[in-house]
Amino acid sequence: MSPEFLAYGAFFLTMALTYAIICLGLNVQWGQTGLFNVGIAAFVAIGAYASAILTTPDAAGRIGGFGLPIAVGWVGGAALSALLAFLVGWLTIRLRADYLAITTFGVSVSVQLVALNLVGLTGGPFGITFIPRPFGDLAGNALAFGLANLALVAAVVLVTYLILERLVRSPWGRVLRAIREDEIAAQALGKSPKWLRIQAFTLGGAIMGLAGAIQAHFIGFIAPENYLPMITFQVWAMLIVGGSGNNRGAILGAILVWALWALSGQLIEATFPAGSQARAASLRLVLIGVALCAILLVRPQGILREVRTLSRHALGRKQPEVSS
Amino acid sequence: MNPQVVIDGLIAGSMIGLGAIGLTLVYSILRFPNFAHGEMIAWGAYFAMSLSALIGAVIGGAGAPIAPFSFGWGLVLATIIAMGLTALLALAVDAVLFRIFRKRQSVMIIIVMASFGASMALRSLLEFIYTSRPGYFTRELQIAMPLGGGMRATPDQLFALGLTALLVVFVHLLLTRTPTGRAMRAVSENPSLSGLFGVDVDKVIRTVWILGAALACAAGVMSGLLVQIRPYMGFDLLLPLFAAAILGGIGSVPGAIVGGLIVGLGEALAVQFVGAQWRAGVAFAILVAILLVRPTGLFGRQA
């Protein structure tokens, strides 16, 4: 295999893995807790913009440009996104589940508006350029640069996955699922559904913000058009295809859907004349929408179904297996 | 303050209000926030655009403007047929999607997600068929007439306001004075109990879709007549629709129209005092405020 092909493969896989991180974040919110977030694009965008503003060198006409290390940007992006998630969660989760959906949709519209119009902070429609890239000094060698970035993002996916798996099996994770399945029963056992849901929503928001920051640094520039509602659709499709409630499913779904997305994009470029490519691209979105509905109708559990987790103490006592 | 804000706000608000009526009825009777409702507005407008072009091509003179308006009787006829087609579209989406979840008694949030997928598919399908180039019903230019008090409006705008008032009164009478309306209110209270008492729940659900889609189509045609027709026109209205429905109190038709007018006036005020580019943020600000202060809405009952 030629080095160009390998470098492209590394690029492709790195992008897919950044989506896998977003998907893991969504899995905390939806898969484990049943919270419907229609504003994924907003949380990813907040993480990306926060990190870009913290780490870019000073630029004329724009606030920020602190030139801080990339790691600080990642943490800052995750923290700001977590704060937004906490506020949205606090506002709506005490009310009704459907209000969370509507409000997150509003958040995504508003964040898009701020990114476009608050030119002094976000660079407006042109976005922010010259975001420092990890291993930037390797940029001369496409293959080495690609593989180094792939290794870094893969490491982040692995660490996030391990932490989340640990959390899923912890008492905290079990209470979350208990609330998802039967709120009143969980309440009767003295658990506070509202507070635990806000915690889960905030954690998911932090992970999405981290993913946004990683993506921004990997690509090197960001603009409002990267954070249209389409991202939200893509990530939902990834989680539903892979299997909501299952962290491995979230990663698998992200890679699969991103592969389909990238391949169909290449196919459209190769087969349609330049004039009708925008048209063909909209057909691709029709298919994503239909696919989302079809999976919900036909196989709502996705490819990898949720693994049943019990407390290890309960397992030790060999409780009778209850069908889920 | 420029008094023109009132006219601009009322016109934007009446389109939001008409859309919000359908949203609030589906929300209270089928019990889910339908993210695909905005697409009914856009599809309605495109149906009317294609039909009016077709009618104009077949019958010469159908497109000739009826003074003082910018449109001919061809568009009026096209809108009436388009309302029917939009209703059929809503019933079709219900038959292949929402009805199946209903029969399975899926949790509400799964249905919300399906509506989210359906909105993506329907909107992109419009973009595929008509491309994203904006369309217009008419190329006629209209001069705004002075109304007194420093306010101006074109004849088309006044027509839209009048038609909205007429439609709202019609829906209100339908809901409060007819057996169909009583059945709808009963299902909204308690679907299984009303079914037990002999209410045809399926018929009520069909009525809700037909009514909501027809009103959405009317809103789409008005928006297309006064602004332009784009595949994203409905999606961009979705947040104002939700803000209006929640502000008015879910399930309340007068609430939806009052909520729509408040959101429309808020947008017009924002355009004048903050800047047109922030217009789309008004609905979100209103939504957050109402969730903080009075989550049941102005006319809503305690949940």
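The values are calculated or read from the model by the stated rules, or taken from the named source; none is laboratory data. Everything numeric here is computed off the predicted structure, so don't read it as measured data. Glycine also receives a Cβ, built like all others from the backbone with ideal geometry; neighbour counts cover every protein chain displayed. We work out accessible area using only protein heavy atoms, side chains counted, and drop any ligands, DNA or RNA first. Shrake-Rupley method; radii C 1.70, N 1.55, O 1.52, S 1.80 Å.
Worth a mention:
- B:MET222 meets each of the listed conditions (1) farther than 18 Å from B:PHE170 by Cα; (2) assigned to a helix (DSSP H, G or I) apart from (1).
- Helices (runs of 4 or more DSSP H) contained in segment B:31-115 and holding at least 3 residues open to solvent by 50 Å² or more (accessible area, probe 1.4 Å) and away from chain A (no Cβ under 13 Å): B:37-58, B:73-93
- Each residue in segment A:285-301 was checked for being in contact with a Phe, Trp or Tyr (Cβ under 9 Å, 6 or more places away or on another chain) and surrounded by fewer than 18 Cβ atoms within 10 Å (Cβ to Cβ), and 1 of them qualify.
- Out of A:VAL286, A:VAL235, sole residue that is within 14 Å of chain B (Cβ to nearest Cβ), under 22 Å from B:ALA114 (Cα atoms) and in contact with a Ser or Thr (Cβ under 7 Å, 6 or more places away or on another chain): A:VAL286
- Residue within segment A:104-121 that is open to solvent by 20 Å² or more (accessible area, probe 1.4 Å), more than 30 Å from B:ALA289 (Cα to Cα) and either touching a Lys or Arg at 6+ places or on another chain (Cβ under 6 Å) or at pLDDT 90 or above (or both) present: no
- Subset of segment A:152-166 (residues that are touching a helix residue (DSSP H, G or I) at 6+ places or on another chain (Cβ under 9 Å) and farther than 20 Å from A:GLY205 by Cβ): A:LEU152, A:ALA154
- One residue from B:LEU225, B:LEU237, B:LEU215, B:LEU241 being open to solvent by 20 Å² or more (accessible area, probe 1.4 Å), within 10 Å of the chain's Cα centre (by Cα) and either more than 15 Å from B:GLY264 (Cβ to Cβ) or within 13 Å of another protein chain (Cβ to nearest Cβ) (or both): B:LEU237
- Residue count for segment A:242-273, restricted to those that are part of a helix (DSSP H, G or I), within 14 Å of another protein chain (Cβ to nearest Cβ) and open to solvent by 30 Å² or more (accessible area, probe 1.4 Å): 2
- Selection status of B:THR207, under 30 Å from A:ALA294 (Cα atoms), in contact with a helix residue (DSSP H, G or I) (Cβ under 7 Å, 6 or more places away or on another chain) and within 14 Å of chain A (Cβ to nearest Cβ): no
- Qualifying residue in segment B:133-142 (condition: at pLDDT below 90, within 14 Å of chain A (Cβ to nearest Cβ) and either assigned to a loop (DSSP other than H, G, I, E, B) or over 29 Å from B:LEU54 (Cα atoms) (or both)): yes
- Residues of segment B:156-196 satisfying the condition of being within 30 Å of B:ILE143 (Cβ to Cβ) and among the small types (Gly, Ala, Ser): B:ALA160, B:GLY162, B:ALA165
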